[in-house]
Amino acid sequence: MSVWIINGNVWDTASGSLQKKHIRLEGEQIAEIVDGSAVPDTGSAEVIDAAGKLVSAGFIDMHVHLRDPGFEYKEDMATGTRSAAKGGFTTIACMPNTRPSVDTPETVKYILDKNAAEGVVKVLPYAAITKNQLGRELTDFAALKEAGAIGFTDDGVGVQSAQMMKDAMALAQSMNMPIIAHCEDNTLVEGLYVSEGSFSRKHGLKGIPNESEAIHVGRDVLLSEATGVHYHVCHVSTEQSVRLIRLAKQIGVRVTAEVCPHHLVLSDEDIPGFDSNWKMNPPLRTPRDVEAVIEALEDGTIDMIVTDHAPHSAEEKARGMQLAPFGIVGFETAFPLLYTKFVLTGKWTLGFLLERMTTDPARVFGLPTGRLEQGAPADLTIVDLDNERAVDPSAFASKSNNTPFGGWKLQGWTVATIVDGKIVYNESAN
Ligand code: DOR
Ligand code: ZN
Ligand code: ZN
């Protein structure tokens with residue numbers, strides 16, 4: 001089937017500006033992108049008029065929690081992928097901390113089958129490094145890869161044993177697979193839930209120190225150097241981690257890294273009080289750390305933006321800050337938040353933000369998507385850059401609404417999302 005997206009504005013890297021284009025989709029591919037001066041003969045094709053809107057390659061989110069199987073009361077394949085589509089994401093990579101965890105080929109297949117049956121975006125499953133993510137025994141990497149896993153991670157927890165991590169890296173390297181790491185030394189964080197900083201001091205709490213993250217980054221960079229594996233650092237949140245990653249890149253270690261929107265726009269000084277919507281792991285750090293991760297994204301030390309979409313039920317989040325689980329939802333606020341805070345303020349170009357959410361994750365993980373060009377998969381996002389709207393968590397497509405951004409007035413809302421040439425989200429139809 002053919003579709004014409006006419007009159008949309010496409011970011012042009014060469015000129016650093018938006019240019020009007022018409023885009024023809026043929027089946028699952030982008031067939032042609034033509035100059036926007038005259039509307040082409042669209043024949044019998046379906047026509048989407050994107051006049052005044054941004055048309056981008058679909059966003060890619062390499063770090064999300066879909067909770068399926070096992071925690072479907074928080075999210076499931078249908079709601080998680082719809083939430084992603086509503087946020088403009090067309091490819092997402094899901095973490096293995098489900099129940100059961102993704103530590104067998106059967107569970108990898110379950111996710112792929114469930115998405116084929118009920119999902120609306122492309123879902124790439126990660127598999128666990130250790131069985132049940134307990135850090136005791138490696139999973140069967142070969143079988144998990146064969147089943148469709150795209151990398152190995154114990155996200156949700158750090159791999160505590162250096163030997164276990166080294167073995168995992170050596171094995172992953174032998175089959176040309178990446179290791180993705182949630183960096184956290186348990187001995188430094190036990191029972192703690194906010195970072196060491198002004199909030200913890202004000203309330204007389206012992207805080208999570210920055211070293212709890214950076215110690216793992218440093219250890220793993222050395223292990224990556226020793227094994228040669230592609231090592232990807234999850235949700236970088238501290239100045240110390242940034243320094244280590246920067247040095248590692250300088251000396252040629254195969255390290256890449258990601259950062260979340262909340263770590264780019266919030267610090268511990270913004271936490272309004274004991275509200276669990278401000279509790280996530282890694283925690284919000286100091287303003288100095290926020291500066292450091294922004295600078296690291298700008299200079300290429302950090303490669304991409306991911307949401308760490310982490311839905312939890314209202315009941316769980318109502319347990320109070322100390323007892324509630326870590327995590328916030330991210331799909332439906334990520335782009336508007338960053339567009340409003342960094343592009344509208346003139347800090348970043350629109351192209352810079354788009355690259356961190358499309359071409360960079362595709363480059364790092366070798367994905368065929370993330371490009372708006374002839375022959376690429378027809379995964380696209382159409383965004384209204386002008387309309388300001390307040391974040392309404394009760395209207396999320398996600399099953400959960402745990403966010404600190406409720407009520408924030410933002411611009412950059414997705415109006416339509418297309419995956420493999422099919423419209424999977426359309427604002428006017430919702
Ligand atoms: O905030 C977080 N939520 N951090 C994690 O590491 C895990 C995640 C989750 O699964 O809820
Ligand atoms: Zn994590
Ligand atoms: Zn995570």
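The values are calculated or read from the model by the stated rules, or taken from the named source; none is laboratory data. Note that this is a predicted model, so its numbers are computed, not measured. Counting neighbours? That spans all protein chains shown, and the Cβs are built from the backbone with ideal geometry, glycine included. Heavy atoms of the whole protein, side chains included, go into the accessibility calculation; ligands, DNA and RNA do not. Shrake-Rupley method; radii C 1.70, N 1.55, O 1.52, S 1.80 Å.
Toward the positive end of the charge dipole of the chain, about the Cα centre and with charges on Cβ (Lys, Arg +1; Asp, Glu -1), which of SER394, HIS203, ILE382 goes farthest? In the chain, that residue is HIS203. Heavy atoms of the protein chains alone define the surface here; on that basis the stretch 135-216 has 43 Å² accessible area per residue at 1.4 Å probe size.
Ligands, DNA and RNA left out, the 1.4 Å accessible surface of the chain is 50% carbon and sulfur atoms.
I'd like the FRET efficiency for GLU106 and TYR73, computed as 1/(1 + (r/R0)^6) with the beta carbon distance as r and R0 of 22 Å, rounded to 0.05.
Numbers: r = 22 Å, r/R0 = 1.01.
Taking R0 as 22 Å, the efficiency between GLU106 and TYR73 is 0.50.
Listed values for the stretch 283-294 are Karplus-derived 3J(HN,Hα) couplings in whole Hz (6.51 cos²θ - 1.76 cosθ + 1.60, θ = phi - 60°), namely x, 5, 9, 7, x, 5, 5, 4, 4, 5, 6, 5, and x replaces Gly and Pro. Note on the stretch 28-103: percent of Cα-Cα distances in each 10 Å bin, starting at 0 and stopping at the bin with the largest distance, equals 15, 34, 23, 17, 10, 1. Cross-linked pairs LYS131/LYS166; LYS74/LYS202; LYS114/LYS399; LYS122/LYS399: Cα-Cα separations exceed 24 Å for LYS74/LYS202. More than 24 Å apart: what percent of Cα pairs in the stretch 2-131 qualify? Tail fraction, whole percent: 44. For LYS53, the lysines whose Cα falls under 23 Å of its own Cα, not counting residues fewer than eight places away in the same chain, are LYS20, LYS21, LYS86, LYS341, LYS347, LYS409, LYS422. Taking each residue as 0.36 nm, the span from GLU427 to GLU28 lengthens on full extension beyond its C-alpha to C-alpha distance by 141.5 nm. Computed extension gain for VAL47 through GLN19, at 0.36 nm per residue and net of the alpha carbon distance, reaches 8.2 nm.
Run the helix sum for the chain: -39,500 (n - 2.57) per DSSP H stretch of 4+ residues, divided by residue count, reported at 222 nm to the nearest 500 deg cm²/dmol. Roughly -8000 deg cm²/dmol at 222 nm, from the helical runs in the chain. Under the simplified labelling scheme, the LYS409-ASP140 pair shows an inter-label distance of 5.8 nm, with each label point 7 Å from Cα along Cα→Cβ. Placing unit charges on the Cβ atoms only, positive for Lys and Arg and negative for Asp and Glu, gives the stretch 346-387 a dipole magnitude near 200 debye about its Cα centre.
Evaluated with a Cβ-only charge set (Lys, Arg +1; Asp, Glu -1), the chain carries a dipole of roughly 440 debye about its Cα centre, given to the nearest 20. Amide H contacts for LEU66 (H built 1.01 Å from N in the peptide plane; partners 5 or more residues away or on another chain; cut-off under 5 Å): MET95.
The overall shape of the stretch 247-329, judged from the alpha-carbon gyration tensor, is prolate: a/c is not under 1.5, and a/b is greater than b/c. For GLU32, the residues 5 or more places off, or on other chains, whose built amide H falls under 5 Å of its own are ARG24. With R₀ set to 51 Å, the beta-carbon distance separating ALA170 from ALA38 gives a calculated FRET efficiency near 0.30. Computed from backbone phi, the HN-Hα couplings of the stretch 376-392 come to 7, x, 7, 10, 9, 10, 10, 10, 8, 8, 9, 7, 8, 8, 7, 5, 10 Hz, rounded to whole numbers (Karplus: 6.51 cos²θ - 1.76 cosθ + 1.60, θ = phi - 60°; Gly and Pro given as x).
If the chain between GLN322 and THR345 were fully stretched, how many nm would it gain, using 0.36 nm times the residue separation less the Cα-Cα distance?
4.8 nm
Each label point was placed 7 Å from the Cα along the Cα-to-Cβ direction; for ALA390 and PHE352 their separation is 3.1 nm.
Apply the a/c threshold of 1.5 to the C-alpha gyration tensor of the stretch 305-370 and tell me whether it is rounded, prolate or oblate. Oblate shape, in that a/c is at least 1.5 and b/c is the bigger or equal ratio. Rounded, prolate or oblate: which one fits the stretch 107-212, using the alpha carbon gyration tensor with axes a ≥ b ≥ c (rounded when a/c is under 1.5, else prolate when a/b beats b/c, else oblate)? Since a/c reaches 1.5 but b/c is at least a/b, the shape of the stretch 107-212 is classed as oblate. Result for the chain in a Gaussian network model with C-alpha springs under 10 Å: among LYS86, LYS206, LYS399, the largest mean-square fluctuation is at LYS206. With no solvent and one equal point scatterer placed on each C-alpha of the chain, evaluate the Debye formula and give log10 I(q)/I(0) for q = 0.10, 0.12, 0.14 Å⁻¹, two decimals. Taken in order of the listed q values, log10 I(q)/I(0) reads -0.66, -0.96, -1.32.
Based on the reciprocal of the average 1/r between different C-alpha atoms, the Kirkwood radius for the stretch 295-430 equals 16.6 Å. Solvent exposure of the stretch 334-389, expressed per residue, is 37 Å² of accessible area, with all protein chains present and a 1.4 angstrom probe. Considering only MET280, THR227, SER237, and ranking their Cα positions along the charge dipole of the stretch 218-293 that arises from unit charges at the beta-carbon of Lys, Arg, Asp and Glu, the one farthest toward the positive end is THR227.
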